[in-house]
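Engineer: The structure follows.
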Amino acid sequence: MGELKLEERYSYADYLTWSDDERWELIDGTPYNMSPAPKRMHQETELYLARKIGDFLEGKPCKVYIAPFDVVLSEKDTNNELIDTVVQPDISVICDTSKLNDAGCKGAPDFIIEILSQSTALKDATTKKDLYEKSGVKEYWLVDTGTKSIRVYLLKNGKYGFATCYERDMEIKVNSLKGLTIKLEDAFE
């Protein structure tokens, strides 16, 4: 892959040439290294939430995917040389399956979950939240395994507004998947 210069802008076409030995995201042309590997609690929480969502979606048109899974977010560009944003959310739910291709998803998922880690927490809570809002992601969860809490952002009139915070002994009704409820104590066992 050669040495990336973090001050340079890159495109999705560049991203597609990078080695699979490292995980990267590209936001507005800026590369972000996704290393190091997630910790055990991150993995357990991700697996629980993805399994719960996947079981609920059985026989329904929506699909759930876990990282690494490319989500290309571009307002209008279809040319890989012009696309400058591709992310790998921890969990993505896509209900419009026409957005899916062999490489991942092109367009905004309906629901995204990011599980905070020390190296990505600030980016997930600011840069990616703003990106997901701008791209039209209807529901965005920030999961904190340290405090055993989840902040839920819902898109209304194109904006997220204030998050609703849920703690360990609470339940969350998944807004974008009517009928699905997640018990936080089970998610953080």
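Engineer: Out of Leu100, Thr30, Tyr48, whose Cα points farthest toward the positive end of the dipole of region 12-187 (charges: +1 Lys, Arg; -1 Asp, Glu; placed on Cβ)?
Structural biologist: Among Leu100, Thr30, Tyr48, the one farthest towards the positive end of the dipole of region 12-187 is Tyr48.
Engineer: If you don't mind, another one. What's the Kirkwood radius of region 59-99 in Å, using all Cα pairs?
Structural biologist: 11.4 Å
Engineer: Can you give the local net charge around Val93? Use residues other than it whose beta-carbon is closer than 14 angstrom to its beta-carbon, Lys and Arg +1, Asp and Glu -1.
Structural biologist: Every neighbour counted, the sum reads -1.
Engineer: Still on this structure, please answer the following. Given +1 on the Cβ of Lys and Arg, -1 on the Cβ of Asp and Glu, and no further charges, what dipole in debye does region 116-189 carry about its Cα centre, rounded to the nearest 20?
Structural biologist: Using Cβ point charges on Lys, Arg, Asp and Glu, region 116-189 gives about 420 debye.
Engineer: Still on this structure, please answer the following. Can you compute the FRET efficiency between Leu154 and Trp18 using 1/(1 + (r/R0)^6), with r the Cβ-Cβ distance and R0 = 25 Å? Round to the nearest 0.05.
Structural biologist: So, using R0 = 25 Å, E works out to roughly 0.15.
Engineer: Which chymotrypsin sites (Phe, Trp or Tyr not before Pro) from region 89-174 combine a DSSP loop assignment with at most 15 other Cβ atoms within 10 Å?
Structural biologist: Counting only loop positions with at most 15 other Cβ atoms within 10 Å, the chymotrypsin sites (Phe, Trp or Tyr not before Pro) in region 89-174 are Phe162.
Engineer: Let me ask another. How big is the gap, in Å, between the Cα center of region 14-34 and the Cα center of region 54-104?
Structural biologist: 16 Å
Engineer: What is the local net charge at Ser119, summed over the other residues whose Cβ is closer than 15 Å to its Cβ (Lys, Arg +1; Asp, Glu -1)?
Structural biologist: Net charge in that neighbourhood comes out at -2.
Engineer: What does region 12-187 give for Rg and for Dmax, in Å, if only its C-alpha atoms count?
Structural biologist: That works out to 15.5, 47 Å for Rg and Dmax.
Engineer: Going down the list Lys39/Lys63; Lys52/Lys178; Lys106/Lys138; Lys123/Lys173; Lys39/Lys128, which pairs span over 18 Å between their C-alpha atoms?
Structural biologist: Checking Cα-Cα distances, Lys39/Lys63; Lys123/Lys173; Lys39/Lys128 exceed 18 Å.
A short reminder: the numbers here are calculations on the coordinates, not readings from a lab. Since the model is a prediction, treat every value here as computed from it, not as a measurement. Here Cβ is always computed from backbone atoms with ideal geometry, including for glycine, and neighbour counts include all displayed protein chains.
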